[in-house]
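The structure under discussion appears below in the form of structure tokens.
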Amino acid sequence: MRGLFPGLVSSEKGFVKYILGSPAYRFLAASFLWSFGANLIYFFLNFHLEGLGYGRQAIGLAQALLLLVGVVSALPLAYLIPRLGYRKSFLLALALAVGSGLLLGFGLLVFPSLAGYGLAGALVQGAGAPLMARLIPAERRVSLFSLQAALTAASGFSSTLLAGALSEWVGARWVILFALPFFLLTLPFLVGLPEGQGTPPRLRGRFGIWLRLFLPQAVIGFGAGLVIPFLNLYLREKFGLSYGTMGLVFALSALATGVAMLLQPLLVRRLGKLGAIVFVQALSLPFMAILAWVPWLPLVTVALLIRGALMNAAGPVYAALVMDYLEEDERPGFFLMESALWSLLFALGSALSGVVQEAWGLGAFNYLFALTLGLYAVGIALWPWTFGRLRAVYRESSS
């Protein structure tokens with residue numbers, strides 16, 4: 001405990017005072033609450049849209065729109081966020097999320113609301129990692145990035161359990177409205193954080209290097225878009241699960257992801273950052289195959305838990321590894337552009353998947369899972385190529 005919270009006094013009062021007084025942990029608390037609300041929307045958006053009368057193809061397009069907003073706004077936000085400030089960017093995202101979520105929850109202006117919510121997510125994506133990097137020293141980044149990711153997963157566990165219960169109580173049509181109080185609860189933790197303004201990115205001469213960094217994520221993102229947004233619909237159709245049961249399954253998946261992320265610092269010490277990324281993602285592939293083609297629900301549930309935990313556990317290590325090679329003025333722009341490219345491919349995959357499912361029904365997932373597995377394997381194999389000579393490439397670029 002003292003390793004994570006240095007100088008912490010033993011009393012509960014001292015613990016709370018330390019957390020509230022530390023900018024880094026205040027940000028972690030805000031991130032947890034934001035993730036709680038975002039997970040409620042993410043998990044039940046498909047069911048919400050179904051309740052509004054939208055078909056499967058329209059749901060795929062809605063998922064695509066949610067992500068394409070991030071693509072379109074990435075470059076403008078790369079210049080806006082450093083000037084506006086990281087904390088103010090979060091406050092703007094908060095206002096957009098609450099306003100858009102309110103309209104979406106009542107079924108008003110659905111697609112414009114999705115666009116507004118997507119813009120809020122892009123602001124958080126662009127400001128989050130640079131603000132965290134400014135609040136903590138470099139030697140503690142893996143630990144605190146992993147802790148942040150674990151808290152995000154824990155929020156997913158709690159929020160999906162809550163979403164399952166709420167859907168039985170008020171119906172899946174209204175669950176999204178319950179995300180709004182959690183967005184608002186982030187406000188007290190954001191007040192008082194350092195503003196964290198930066199300088200606009202210097203993009204000349206960086207695109208080639210950035211594309212090298214983006215390529216594995218882009219390949220994996222397209223593969224993920226084919227199946228990940230539809231896992232809840234897939235499990236409901238294949239096994240006839242209730243909303244409450246699916247909420248429990250996905251909550252356990254989030255909990256397993258959180259545990260895996262907390263273990264990542266130990267794995268990094270043994271394998272290094274790059275080795276840890278490749279190891280956990282490659283290990284997830286057999287469990288994806290089980291999820292796709294095994295007809296026994298208990299084994300499929302276990303595979304869902306382990307696959308999600310392993311594939312997502314690499315995220316905080318990747319963020320910390322990239323930070324080692326990026327100058328501060330590059331960080332907002334890089335993470336926005338990386339998120340935009342990933343989202344573009346993810347959105348294209350979602351839209352294509354929706355069309356295929358509309359045509360072939362449940363049987364479409366046999367082909368979609370096979371394509372996803374192949375793309376995941378290619379993306380994972382590209383990680384060593386991406387980072388193997390990256391230091392030398394950056395030195396040449398800098399000189």
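The values are calculated or read from the model by the stated rules, or taken from the named source; none is laboratory data. Because the structure is a prediction, the values reported are computed rather than measured. Note: accessible area is taken over every heavy atom of the protein model, side chains too, but ligands, DNA and RNA are not part of it. Shrake-Rupley method; radii C 1.70, N 1.55, O 1.52, S 1.80 Å.
Values for this structure:
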{"quantity": "Estimated vicinal HN-Hα couplings, Hz - segment 96-107 in sequence order (Karplus 6.51, -1.76, 1.60; Gly, Pro = x)", "calculated": "5, 5, 5, x, 5, x, 5, 5, 5, x, 8, x"}
{"quantity": "Segment 232-262 versus segment 76-145: alpha-carbon centroid distance in Å", "calculated": "26 Å"}
{"quantity": "Most to least accessible of Glu327, Glu358 (protein chains only, probe 1.4 Å)", "calculated": "Glu358, Glu327"}
{"quantity": "Segment 211-297 - percent of accessible surface contributed by carbon and sulfur, probe 1.4 Å", "calculated": "74 percent"}
{"quantity": "Protein accessible area in segment 35-110, 1.4 Å probe - carbon and sulfur %", "calculated": "73 percent"}
{"quantity": "Val259, Val110, reordered so the largest accessible area comes first (probe 1.4 Å)", "calculated": "Val259, Val110"}
